[in-house]
Amino acid sequence: MFKRMLSAFGVGGPSVDTVLDSPHATPGGVVTGQVRIQGGSNEVEIGQVVLSLVTRVEIEHGDHEGSTTAEFHRVVVAQAVKVAAGQPLSIPFRFPIPWETPITAVGSTHLHGMTVGVRTELVIAGAPDKGDLDPISVHPLPSQDRVLDAFGALGFQFRKADVEAGHLHGVPQELGFYQEIEFHPPAQFGGRLSQVELTFVANPHELYVVLEADKRGGMFSSGGDAFGHFALSHHEAQGADWTAIISQWMAQVAERGGQHGAQHGYGGGYEQHGGYEQHGRRGPGMGAVVGGVAAGVVGGMVLGEVFEEVGESFGFDEE
């Protein structure tokens with residue numbers, strides 16, 4: 001990003017520029033780079049150099065819906081930094097990416113509606129001076145890729161993605177939000193299902209895959225939402241036949257009506273609540289799923305407009 005003067009020091013103060021070694025990351029991975037500070041006309045001391053991750057979050061209060069930007073992870077990379085007049089100073093950093101960080105890109109294609117960035121903040125005399133945002137592309141884990149490949153192989157078409165505030169029932173979460181990746185269903189389900197939403201919640205050991213289908217109501221049947229919930233190790237998720245798992249679940253949803261269902265576990269020993277159950281093993285091909293819809297829309301996105309107000313410690317502020 002462009003160098004930015006530190007407003008707390010006034011005219012002649014130091015400037016800061018954060019440079020990432022790579023803008024690409026994966027959940028559970030690490031982003032590295034340098035915070036470069038250029039001394040001004042006088043010696044100064046910066047109390048803390050802080051990096052944080054921010055994203056766009058959809059929030060609901062009763063019947064009201066809105067969106068905000070929120071900080072969901074922060075790391076102090078340096079403290080009590082003295083910068084002499086005219087001195088160039090470089091602070092290297094390793095910034096861990098939380099396992100539940102939303103995916104923003106599949107292959108070379110940006111997911112429309114998604115934004116995640118690294119914010120640089122300098123604390124001077126106890127007051128934060130928030131700086132520029134460096135956008136990062138968060139790519140799926142190999143286990144998540146397998147699920148996305150199955151959506152592509154089955155003929156789903158990517159619609160949009162967003163991040164919703166809240167927690168999912170029966171899914172262990174550390175962050176106060178979850179991502180929803182929305183798809184138009186394959187043609188054979190077009191008259192019975194309006195859309196299918198996919199949510200990943202990952203940790204170092206497991207991948208939770210949550211499916212939600214919006215079922216259309218008919219003359220002799222009611223509409224409603226149906227849920228599928230799968231918990232696997234990353235190794236199991238990479239070997240599972242997600243094409244068979246998802247297609248069987250979709251068929252059951254379409255046939256049984258707008259019940260609410262969820263299942264836990266995989267291949268035996270799962271707990272079912274209300275609706276649909278199934279298990280399976282091993283499968284295939286999503287890069288093309290997001291290509292036609294997302295390409296061309298992303299070009300006009302201005303990150304400076306997307307990230308306006310950053311919530312403190314994931315405190316939500318409506319816009």
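For the range 155-193, taking the residues that are assigned to a loop (DSSP other than H, G, I, E, B) and open to solvent by 40 Å² or more (accessible area, probe 1.4 Å), the one that is modelled with the lowest pLDDT is identified as Gly191.
For the range 247-261, a residue qualifies if it is at pLDDT below 70 and open to solvent by less than 20 Å² (accessible area, probe 1.4 Å), and the qualifying residues are Gly257, Gly261.
In this structure, Thr68 does not qualify as at pLDDT 95 or above, farther than 16 Å from Asp132 by Cβ, among the hydroxyl-bearing types (Ser, Thr, Tyr) and part of a strand (DSSP E or B).
Looking for something β-branched (Val, Ile, Thr) and touching a helix residue (DSSP H, G or I) at 6+ places or on another chain (Cβ under 7 Å) - is there at least one such residue anywhere in the range 155-169? No, there is no match, as no residue in the range 155-169 is β-branched (Val, Ile, Thr) and touching a helix residue (DSSP H, G or I) at 6+ places or on another chain (Cβ under 7 Å). Looking only at residues of the range 24-53 that are part of a loop (DSSP other than H, G, I, E, B) and at pLDDT 95 or above, we find that the one that is surrounded by the most Cβ atoms within 10 Å (Cβ to Cβ) is Pro27. In the range 104-114, what residues are in a loop (DSSP other than H, G, I, E, B), surrounded by fewer than 23 Cβ atoms within 10 Å (Cβ to Cβ) and touching a helix residue (DSSP H, G or I) at 6+ places or on another chain (Cβ under 7 Å)? Answer for the range 104-114, where residues must be in a loop (DSSP other than H, G, I, E, B), surrounded by fewer than 23 Cβ atoms within 10 Å (Cβ to Cβ) and touching a helix residue (DSSP H, G or I) at 6+ places or on another chain (Cβ under 7 Å): Gly107, His112.
Which members of the range 115-142 meet the condition of being surrounded by 23 or more Cβ atoms within 10 Å (Cβ to Cβ), at pLDDT 95 or above and over 17 Å from Phe72 (Cα atoms)? Once the filter is applied, which keeps residues that are surrounded by 23 or more Cβ atoms within 10 Å (Cβ to Cβ), at pLDDT 95 or above and over 17 Å from Phe72 (Cα atoms), the range 115-142 yields nothing. Name the residues in the range 71-103 that are surrounded by fewer than 20 Cβ atoms within 10 Å (Cβ to Cβ) and in a loop (DSSP other than H, G, I, E, B), would you? Correct list: Ala84, Ala85, Gly86, Gln87, Ile97, Pro98.
The values are calculated or read from the model by the stated rules, or taken from the named source; none is laboratory data. Because the structure is predicted, anything quoted here is derived from the model rather than measured. Cβ atoms come from the backbone with ideal geometry, glycine included; neighbour counts cover every protein chain shown. Note: areas computed on protein heavy atoms with side chains; ligands, DNA, RNA excluded. Shrake-Rupley method; radii C 1.70, N 1.55, O 1.52, S 1.80 Å.
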